[in-house]
Structures are given as structure tokens and as C-alpha cells.
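Note sheet for the following structure.
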Amino acid sequence: FILGGLLRFYKIDARCLYGDEVLTQDIIAQSCVQDVWQNVTKNFHSDLPLFYVLFYYWSLLGKSPFWLRSLSAISGLLIILVGYKLVKYLFGRKTALLASFFISISPLLVLYSQSLRYFSLNALFNLLSLYLFIKAIHKNRISSWAYYAVIRTISIYISYSSFLFFLSEGFFIFLYRKKYPLSFKRWLFSLIVILWLWLPVVTFFFRDIG
């Protein structure tokens, strides 16, 4: 975790904002958070609004490249912790330590952690929802499925790419339907709840697909 922090914050402000980072800053340059939401949904058809809303509030506390990029860096650090928890839950502590070490030094994850974009935050919520999904299947408690539904909903408010996880989750449940017979019904109910919570932006999805 310390190594990952050093790599993510090392010279994080050494270069000026560039390309998509400047565009991200321009998107949130609005007078209020409602205008940020409208700006994203009307003018940027490949993006979803939640990251920009969160980033709008984050930017109120500072405008320097170090502060603006630190949101991604902190998300990258949390990815190390969630990755450790997930692998430890599945395979044990030694394997989790090895996995978290590789996560901490991953050049791609370090790059995303120093970029003023939604990639690092999106990866964090997708990994966290995967961890909660696995725990919900094993424990099969309503509360576990509720936590999973909330985090998965947040992830699909950040990026359309998060929808791909539904395919892998559904395939997993179908493959192990005999071992976890109640999981399919509860996952399907969770999926309905998630899509219901996503209704405020569903029209943008069909527009963007077109």
C-alpha cells in the first residue's frame, strides 16, 4: 500500500493538465452542480454524469493539478485495498499480498491514478461491486445483495463499460446455479432494482447507442 502510494503521488503534478484532462476541467466549469449534470448529458454523449458531479465538488477545494489528480490517486490506493480483500476472501492472505503488490506497481493503474479522468474511480467501484457480488453469493443475505446493488448502480452512473460486468456475473451464476440455487433469483431481483435506479439516465443510453 505504501509502495502504491509513492508511485501514484510521485510527481503527480509534474506536468500540466492536457487533452482530456483539460476537457474534464471545462465540463465542470459551471455555476452549479445541476448545470454540470445538464452539460454532460446534453453535450458529451459518450460520458455519464456521476464522476463529473463528484469531481465538481472535489474541485471546489482546490484547483491545482496535484489536488485535481489526487481524486484518481486516492481511488487507485483504494483499489489496492479492495483487491487485497477480494483475493484474500477467495484464495487466502499470501495470494492476496502478491495480488495487491502487482496492483500497486501496475503501470496502467499508476497511469490512471495520475490522470484527471474517471478511469481510476470507475475501476474502484467495479472491483468493489465484484467483491460484494462474490460475498452476496456465498452468504446469500439480503443485506449483502443490497450493498452490491448500491455499488453496482454507482458504477453504471460513472461509465457505460460497467454494464459488461452484468454479462460475467450472469454467466457465473448460470454456471454455478446448482451450487448456489437461490443466487439467480436474488441477483435477478438486484438487477431489476439497479436498472430501476438507473432510470433517470436511461434515455441517454439509447440515444448514445444510436
Which chymotrypsin sites (Phe, Trp or Tyr not before Pro) does region 141-201 hold that lie in a coil by DSSP with at most 12 other beta carbons within 10 Å? none
For an R0 of 35 angstrom, estimate the FRET efficiency from the Cβ-Cβ distance between residue 64 and residue 185 and round to the nearest 0.05. 0.10
With a 1.4 Å probe and every protein chain left in place, tell me how much accessible area residue 207 has, in Å² to the nearest 10. 80
Relative contact order in percent for the chain (Cα pairs under 8 Å, 6+ apart) equals 22
Once label points are set 7 Å from the Cα along Cα→Cβ at both residue 43 and residue 207, what is their separation, rounded to one decimal in nm? 1.4
Taking a crude spin-label model, label points 7 Å out from Cα along the C-beta direction, the residue 172 to residue 150 distance in nm is 2.0
Rolling a 1.4 angstrom probe over the protein heavy atoms, how many square angstrom per residue are accessible across region 113-210? 53
Do any trypsin sites (Lys or Arg not before Pro) in region 1-58 lie in a loop, going by DSSP, with at most 15 other beta-carbon atoms within 10 Å of their beta carbon, and if so which? 11, 15
Just checking my list [x] 132; [y] 241; [z] 120 against volume of the Cα convex hull per residue in Å³ computed from this structure; which label fits? [x]
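Full-extension gain between residue 14 and residue 1, please, as 0.36 nm times their residue separation minus the C-alpha to C-alpha distance.
The residue 14-residue 1 span can extend by a further 2.5 nm.
The values are calculated or read from the model by the stated rules, or taken from the named source; none is laboratory data. All figures in this text were calculated on a predicted structure; none of them were measured in a lab. Counting neighbours? That spans all protein chains shown, and the Cβs are built from the backbone with ideal geometry, glycine included. Note: accessible area is taken over every heavy atom of the protein model, side chains too, but ligands, DNA and RNA are not part of it. Shrake-Rupley method; radii C 1.70, N 1.55, O 1.52, S 1.80 Å.
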